[in-house]
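K.L.:
Structure below; questions to follow.
The values are calculated or read from the model by the stated rules, or taken from the named source; none is laboratory data. None of the values given here were measured: they were computed from a predicted structure. Here the Cβ positions follow ideal geometry from the backbone for every residue, glycine too, while neighbour counts run over all protein chains shown. These area figures cover heavy atoms from the full protein model, side chains too; ligands, DNA and RNA do not enter into them. Shrake-Rupley method; radii C 1.70, N 1.55, O 1.52, S 1.80 Å.
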Amino acid sequence: MNTIFRKSMLSVAGLAFAGGVFAGPIAAHAANPAVDAKPVAVAVQSAAPKPQGDQSHITLNDEQTANVKAIIAATKKAGLPERAAVISIATSLQESKLENLGHLGDKNDHDSLGLFQQRPTSGWGTPEQITDPAYSTTAFLKGLRQVDGWQDMALTDAAQTVQVSAYPDAYAQWEQQATDLVGQYWNS
């Protein structure tokens, strides 16, 4: 019986200590009178996550640059922010190096076409639609909008959720170049 009493007392002491630890700061704060408190402006940076891993870079030709501009225009038309254009361009860099690819014969990944290597048999559109940069970007962005929290995801996770690639981490390597391209062409 002595052991039960001792354990009970230790439990009560533990609860009293825990209550003091948790209630202490609250009680101490309540005891201090308010000082001339003024709101303080805090700078909140809503920047995208930093690029993951090693970054790749390619030099773009005129066709590829035109495709970057088409992706940005489609993103703006869809009313989406720059981050959506960054994800779209990085995805296209991975899928096609920003080239509007037609059927590649034996090198083709199934029936994948266009900037995003979308498949007509997977419901992305007709071959003619998929090889139209504005259409294919709009289709990609439609898929991106369906991803909950895409704005705050790592680029590779957002892109992979839309694309369902066999190489889910490959998109990350293009984030810096995509970010730079959006910075360069978003307002032009």
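K.L.:
Can you find, within the stretch 48-96, the residue that is surrounded by the fewest Cβ atoms within 10 Å (Cβ to Cβ) among those that are more than 20 Å from the chain's Cα centre (by Cα) and not in a helix (DSSP H, G or I)?
P.N.:
Only one residue tops the list, namely Thr59.
K.L.:
Please list, ordered by residue number, the helices (runs of 4 or more DSSP H) wholly in the stretch 120-188 having 2 or more residues that are over 15 Å from the mean Cα position of the chain (by Cα) and touching a residue at least 12 places away in the same chain (Cβ under 8 Å).
P.N.:
Once the helices (runs of 4 or more DSSP H) in the stretch 120-188 are filtered for at least 2 residues that are over 15 Å from the mean Cα position of the chain (by Cα) and touching a residue at least 12 places away in the same chain (Cβ under 8 Å), what remains is 127-130, 133-145, 175-185.
K.L.:
Checking Ala166 against (1) closer than 22 Å to Gln52 by Cα; (2) open to solvent by less than 50 Å² (accessible area, probe 1.4 Å), only one condition comes out false. Which one?
P.N.:
All conditions are met except number (2).
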